[in-house]
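What follows is calculated from the coordinates using simple rules that are stated; it is not laboratory data. Source: prediction; values computed, not measured. Virtual Cβ from ideal backbone geometry, glycine too; neighbours counted across all protein chains shown.
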Amino acid sequence: MEHCAESQGQKVTAKKAGLLLPVFAIASNTFKEVSRDKVVYTFFVFAVIISFFGLALGSLSVGQDLRIILDLGMFGISTIGGIIAVFAGANLVYKELEKKTCYLIFTKPVRPWQFILGKYLGLALCLLVLIAAMAVFLTLTVYIADPGQLLVFKERVLFIGASLLLTYLELLLIIAAAEFFSTFSSPIMSVVFTIAFWFIGHSTASLQDLSKLFTNSALQQLANFLYWTLPDLKTLTQTRSAIMYGQFPNSELSIYLTAYLVSYVIILLVLSAMVSEKRELP
Amino acid sequence: MNAQLSQAAIKVTNLVKRRETKLLKSFLAISGINLEIAEGVTYGLIGPNGAGKTTTIKLLLGLLKPDGGEIKVLGKPAGEHEALRRIGFLPESPYFYSHLTGREYLTFTGQLFGMQGPALQNRIGELLHLVSMENKAEERTGTYSKGMLQRLGMAAALVNDPDLLFLDEPMSGLDPLGRMDMRKIIIALKEKGKTIFFNSHLLPDVAHLCDKVGVLSQGKLTAEDDLLSITPERNATVLEEYFLSHIEA
């Protein structure tokens, strides 16, 4: 009986591995595709230049050098990461349809959710590596600007890391949104939709303020509905900036932000898989 | 073996498919096709450009959904994973990831079937040898010629050692030597008892390789016969006359 249960357990594990292997294969292929693209390296070099430019600019200011380096460095990383997330994400599914490489995938025992998840994880991993590499350069410029005491430097590295982790979480949401849009629209439209989604995400708090101004209850409800449906990225940005300058949020807010973004990503990926399931190949 | 041969690898009943032009005009791409192909048979679907040959293959693979009729492939509805595990597909002008090397491409294809480790790498070694691509395996597919892509596409179609093989214009882009090699591969697969369904414009290849042929014209199967009953000598000219007499003007 015990042996039977053990063999049943092995079967379930093997089945799970069988379901995940195509996901990993697609993720690894997407990672190779993005990481072997020369454009990504160009952006990376650009981010490094921005970091060093911050160093030069910082040296011209009095007493604000570290702040300038951190602001400019973070701006470079989040902007370059965002550009890659939007443009690569918007092409994730469409490129497979346009180049007809999807025929290779969907004539194999691969389900649409495996394809969507694999593409997403591949790009997410690529961005993680890229952000980590850019973070190394930012840390280096911070060290060059103010080597200071080891303890203080270690603390700064922790702040940079935590802040970049939130930047990465935001980019994970942007990739999911771009991938979702790319399941049913052209890359140009996906880019437009994703940028709009991102922009709205940073302005949703205004919707709540707006709802208070409406006297019409239907408009009030609509503004509230949009506020609760669209992502709220403003809190994330505020928290990220606070961390950068040494103010860690309480654990409740950290858990809330992570759970909020992860839930959003899951919903977008599920929707992408549903659209792919319904869509007929060209 | 005989009992196995009598089973239908592909069974299509009253297949109908509507498609749209770029101007969103709907037309009947496939109109009431009936097909029954026994296991172990090499079937050639011939027809002029736009007759619906590629659409038929896409329907059989489950890439397109039929608007009417029923498709059974290896006893399962088209596109079902249990059947797809036993199917190999070489598309017309195979589509590749130009950032991958030939070996990486085959590894990726194998992994989609759930294959991994030394078993997959051994299989890839065999296939690269079969299609004479061992010395190009570490180069990116973006640098390959059309003939090399076709060979790699054939290797990818065979990675799972399929029972049923769909070949869409398998000789397309190949030079005479490449065509001869491809013919040898198909003959070897026939000898192993594989079922092969292929579309081709090249009637000499169809005459040489097929057991049965069907003529598709304007989405209709206008004729279907055993090849040897059309031309016992496998003569391409006789097959051409047969083809011309069955296509609709």
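Restricting to the stretch A:131-165, name every residue that is aliphatic (A, V, I, L, M) and either crowded, with 18+ Cβ neighbours inside 10 Å or not in a helix (DSSP H, G or I) (or both).
As a first pass, look at the stretch A:131-165 and keep what is aliphatic (A, V, I, L, M): A:131-136, A:138, A:140, A:142, A:144-145, A:150-152, A:157-158, A:160, A:162, A:164-165.
Residues satisfying the conditions are A:131, A:134, A:135, A:138, A:142, A:160, A:164.
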**Prompt:** If you check B:110, B:125, B:114, B:178, which single one turns out to be under 21 Å from residue A:31 (Cβ atoms), more than 14 Å from the chain's Cα centre (by Cα) and in a helix (DSSP H, G or I)?
**Reply:** B:110
**Message:** I'm told residue B:170 meets every condition in (1) part of a loop (DSSP other than H, G, I, E, B); (2) out of contact with any Phe, Trp or Tyr (no Cβ under 8 Å at 6 or more places or on another chain) except one. Can you identify the failing condition by its number?
**Reply:** (2)
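One residue is enough: does the stretch B:70-83 have a residue meeting the conditions in a loop (DSSP other than H, G, I, E, B) and within 7 Å of chain A (Cβ to nearest Cβ)? Write out each step before concluding.
Going through the stretch B:70-83, the residues in a loop (DSSP other than H, G, I, E, B) turn out to be B:74-75, B:78-80.
Still in the list and also within 7 Å of chain A (Cβ to nearest Cβ): none.
For the stretch B:70-83, residues in a loop (DSSP other than H, G, I, E, B) and within 7 Å of chain A (Cβ to nearest Cβ): absent.
Being in contact (Cβ under 8 Å) with a residue 60 or more places away in the chain and either of a type in the set (Ser, Thr, Tyr) or not in a loop (DSSP other than H, G, I, E, B) (or both) is the filter; apply it to the stretch B:84-107 and report the residue that is nearest to the other protein chains (Cβ to nearest Cβ).
Step one: of the stretch B:84-107, the residues in contact (Cβ under 8 Å) with a residue 60 or more places away in the chain are B:85-94.
From what's left, either of a type in the set (Ser, Thr, Tyr) or not in a loop (DSSP other than H, G, I, E, B) (or both): B:87-90, B:93.
On the way: B:87: 7, B:88: 9, B:89: 4, B:90: 10, B:93: 8 Å.
It comes out as B:89.
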